[in-house]
1. When B:Gln170 is evaluated against the numbered criteria (1) open to solvent by 20 Å² or more (accessible area, probe 1.4 Å); (2) within 13 Å of chain A (Cβ to nearest Cβ); (3) free of Cβ contacts under 8 Å to residues at least 24 places away in the same chain, which criterion, by number, is the only one it fails?
2. Provide a single number: the residues in the stretch B:253-279 that are within 12 Å of another protein chain (Cβ to nearest Cβ) and within 17 Å of B:Thr204 (Cβ to Cβ).
3. If you scan the stretch B:18-45, which residues turn out to be assigned to a loop (DSSP other than H, G, I, E, B) and touching a residue at least 12 places away in the same chain (Cβ under 8 Å)?
4. Within the stretch B:242-252, track down each residue that is outside any loop (DSSP other than H, G, I, E, B) and within 7 Å of another protein chain (Cβ to nearest Cβ).
5. If we keep just the residues of the stretch A:126-136 that are within 11 Å of A:Met99 (Cα to Cα) and more than 7 Å from every other protein chain (Cβ to nearest Cβ), which is most open to solvent (accessible area, probe 1.4 Å)?
6. So how many residues does the stretch B:205-220 have that are outside any strand (DSSP E or B) and within 9 Å of chain A (Cβ to nearest Cβ)?
7. So for the stretch A:137-147 (the condition being touching a strand residue (DSSP E or B) at 6+ places or on another chain (Cβ under 8 Å), at pLDDT 95 or above and hydrophobic (A, V, I, L, M, F, W, C)), does at least one residue qualify?
8. Kindly provide the set of residues from the stretch A:246-284 that are open to solvent by less than 40 Å² (accessible area, probe 1.4 Å) and among the aromatic types (Phe, Trp, Tyr), ordered by number.
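The values are calculated or read from the model by the stated rules, or taken from the named source; none is laboratory data. This structure is a prediction, so every number in the text was calculated from the model and none was measured. Cβ sites come from the backbone with ideal geometry, for glycine too, and all protein chains shown count toward neighbours. What goes into the accessible areas is simple: the full protein's heavy atoms, side chains included, and nothing from ligands, DNA or RNA. Shrake-Rupley method; radii C 1.70, N 1.55, O 1.52, S 1.80 Å.
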2 protein chains.
Amino acid sequence: MAKSTSEEKVHSQKEWAMVIHGGAGTILESEMTPEKFKQFHGALDSALTIGQKILASNGSALDAIEATIKFLEDSPYFNAGRGAVFTHEGKNELDASVMDGSNKEAGAVGGVTNIKHPISAAIKVMTNSPHVMMVGRGAEQFSKQQGLEQADPSWFKTDRRWESLQKILQKEKSTGAVYEEVDSKFGTVGAVALDKNGNLAAGTSTGGMTNKKFNRIGDSPIIGAGTYADNQLCGVSCTGHGEFFIRYAVAHDVAARMDYLNETVEEASDFIINTKLKEVDGSGGLIALDKNGNYAMPFNTAGMYRGYISPDERFVKMYKE
Amino acid sequence: MAKSTSEEKVHSQKEWAMVIHGGAGTILESEMTPEKFKQFHGALDSALTIGQKILASNGSALDAIEATIKFLEDSPYFNAGRGAVFTHEGKNELDASVMDGSNKEAGAVGGVTNIKHPISAAIKVMTNSPHVMMVGRGAEQFSKQQGLEQADPSWFKTDRRWESLQKILQKEKSTGAVYEEVDSKFGTVGAVALDKNGNLAAGTSTGGMTNKKFNRIGDSPIIGAGTYADNQLCGVSCTGHGEFFIRYAVAHDVAARMDYLNETVEEASDFIINTKLKEVDGSGGLIALDKNGNYAMPFNTAGMYRGYISPDERFVKMYKE
């Protein structure tokens, strides 16, 4: 009997796996055109292939999420890197974080404007500094010192996001009210991977929210809120209304519920997103993997761009299905 | 029997309570002079009186921690507000955060240089903005817009901290190595209060670490790491080697262990500080109150400046005793 249980466990253990998201609060299904569908679906599918190549050939979870998130940062379709939303002042301010489940080391950058791949800067903070978090100009100086690729701020600019800001500024001017675009703050990207050595890594990257002011920092660069990883439990990356994810320490809470309540990754993630956060109108979702490569990807918004890949399963989804 | 249990509970419930800290990693007991003892002890004792006056006369937990922390920020003896340590560039960069356990709202500022009371700025972010965290110049602009008292950066300067930086810079110059002063990064202040209405609030304020570079952000302005509060569970404020407190989501973990493992505030706090963090050489301590006004104040350093007050108990302590 003991042997059979153990064999079952081995069977349910994936050799490697990766789960990704391109943000909750997607384009409404009713407004999705075939062309847009192809763009988003294609980008998410390509991102899965990038992680697959690394993980299937014995690469590390950390390398897999870095390469995957860099690709999503370069893609103009998501609110991270190129394609990030604009602040009130018409700038792209980027946040990213990473956690390595093998040693619980972590790194994050907040409010950076000229680092081509914020996720790589977060990794450098983790591996090449004694710190976990750097912000603004200091983080930019560090990334330069580390030899990371710099980008002219214009690299991040897309017409779609620029027009979103202009529309809001116009609305503010005509009504006198203050708007921070709730709808378009949800395009954050993230990835969680499990490699053949049983290591979990999680990362998140974002441009924050359209028309954001006062150097606001959301949950994406906050370890415990937007990102968490622990080889013994799970890896987590969140997306949504960041303030709620900070106040509820969402990413750490998934790990805590698995650890202390013995919940599965699906139970813990689902309870937090669909009960705890839903009850307080905290909109968003998360992706997570447990140490066996089982995934959870709950969201309480209309949709969440997401995908999963392992040696025996692969899919990209956008809405509830 | 049921009645008697209920009466016992009422008996163990404090009408109000407050716990404070002035940092872990204090001046070594062997180097403590009677004069210094008087200064530190006196400041902590005065801080308790400030909270006492507010809480005993029906004031809110939030008002109590704000007034108490403002006093500790103004005191030159602690690494927060006036008396903050210096960055590598010779600046005082201040971080603070607050959480209101009654609604789990939270606020934080990071890397601010001219706000006289960073704790008040964190409270304004919580109460008067849709955000949880603002950093740098944006946070400064917001605080000004909110009418908070501004200070010339020279207000925060003390000779003692300036000399600490000069000593390290000299050491770096002569050895070529890079130092960030571990010893003097521990003077963070914090307070947790329970008011007569059963509301818990927690706040933390710091100057970070001597010779810090790259706009490093520690745990003090991170909700879930340095500060947490939930009326149903506890209020927590941390002090110590901030990177570990972020990676282990210490403040939220106290609440999670109480919630999911049914541990007392003492059990949860002690396990995290003296087992979890100790095992990975994460030095520091925390203060916490549960919803009945019971306190915990474990630390794994030589000392921690701390104090507690309730209608029937009052003390200030510095070392293990």
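1. (2)
2. Within the stretch B:253-279, the first condition is being within 12 Å of another protein chain (Cβ to nearest Cβ), and the residues that meet it are B:253-263, B:268, B:271-272, B:276-277, B:279.
This time we only want the ones that are within 17 Å of B:Thr204 (Cβ to Cβ), so: B:253-255, B:272, B:277.
Within the stretch B:253-279, residues that are within 12 Å of another protein chain (Cβ to nearest Cβ) and within 17 Å of B:Thr204 (Cβ to Cβ) number 5.
3. Result: B:Gly25, B:Thr26, B:Ile27, B:Leu28, B:Met32.
4. Within the stretch B:242-252, B:Glu243, B:Ile246, B:Arg247, B:His252 meet the criteria.
5. A:Thr127
6. As a first pass, look at the stretch B:205-220 and keep what is outside any strand (DSSP E or B): B:207-211, B:213-215, B:218-220.
From what's left, within 9 Å of chain A (Cβ to nearest Cβ): B:213-215, B:218-219.
Result for the stretch B:205-220: 5.
7. Yes, that holds for at least one residue.
8. A:Tyr248, A:Tyr260
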